[in-house]
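Here is the structure we will look at, set down as structure tokens.
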Amino acid sequence: MNTTARWSTLLIFLCLLSPVAHAQPENRSRGESRRGGMQRYFNSGIMSLFRIPEVQAELELSRETAELIFALQADLFSEYRNARRDQSTDEALPSADEVSTQSGQVAERLLSAILDPAQFKRLQELWLQRRGLRAITMDDLADALELDTSQREATAELVQRISRGYGRGKISEEDAEVAKQITEILTPQQRKQWETMLGKPFDF
């Protein structure tokens, strides 16, 4: 990526980040810290995949692109930390889950500008594989699979039973049973589409 492209990407970063970093959802307790949400995001969000050397190799990242991604990651964390410090103690802060969701949306938009189309598509496949069937409760994925209301409600209830360790190592028998129940809710066409969206299996 040349210098002009780098500055263009940084400009995109600032434009995307500003409205999110200072968003103030209502009815949030001061105890629900934004910092907790950012820590959760960096530990489990889409950009956490870049900490895995095998993922960097799978995406065939150049050193310059990898450095830019990590620099943006650091800037994103710094921006949220500064925004939180600037808040009055009387102002409500977003919940950890809300911050994680917002920052994930920003990250995906940034990465779509930094990576080439093939790299970004593969990254999305890896992210779905990492999240597994937990991802099925995401609105955009549910829309893509055209889940009806009853399917969304049933899968959301089952996903709550999946352990936090799901997708990170060997799947437990309990998680495997829940995953089986979730896939049985899908139609054959939806299951085929889900498998297509996952892409080539990747061993994390």
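Which ones in the range 178-195 are among the hydroxyl-bearing types (S, T, Y) and modelled with pLDDT of 95 or more?
Let us first name the residues in the range 178-195 that are among the hydroxyl-bearing types (S, T, Y), namely 183, 187.
Result: T187, single match.
Filtered by the rule that a residue be at pLDDT below 50 and over 30 Å from Y166 (Cα atoms), the range 30-67 gives a lone residue, R30.
Residues in the range 146-156 that are under 21 Å from the mean Cα position of the chain (by Cα) and surrounded by 12 or more Cβ atoms within 10 Å (Cβ to Cβ): L147, R152, T155, A156.
Taking into account only those residues within the range 157-168 that are outside any helix (DSSP H, G or I) and surrounded by 18 or more Cβ atoms within 10 Å (Cβ to Cβ), which is modelled with the highest pLDDT? Checked the range 157-168; the qualifying residue modelled with the highest pLDDT is I162.
Which members of the range 157-174 meet the condition of being of a type in the set (D, E) and more than 21 Å from the chain's Cα centre (by Cα)?
Filtering the range 157-174 for residues of a type in the set (D, E) gives 157, 173-174.
Across the range 157-174, the qualifying residues are E173, E174.
Before we move on, is F70 part of a helix (DSSP H, G or I) and at pLDDT 75 or above? Answer is yes for this residue. Of the residues L123, L93, the single one that is surrounded by 16 or more Cβ atoms within 10 Å (Cβ to Cβ) and either at pLDDT 80 or above or aromatic (F, W, Y) (or both) is L123. Per the conditions (1) part of a loop (DSSP other than H, G, I, E, B); (2) surrounded by fewer than 15 Cβ atoms within 10 Å (Cβ to Cβ), the sole criterion not satisfied by D143 is (1).
Just a yes or no: is a residue in the range 118-138 within 13 Å of E195 (Cα to Cα) and not in a helix (DSSP H, G or I)? Within the range 118-138 (the criterion being within 13 Å of E195 (Cα to Cα) and not in a helix (DSSP H, G or I)), the answer is no, since none of the residues qualifies.
The values are calculated or read from the model by the stated rules, or taken from the named source; none is laboratory data. As the structure is a prediction and not an experimental result, all values here were calculated from the model. We place every Cβ from the backbone using ideal geometry, glycine too, and count neighbours over all the protein chains shown.
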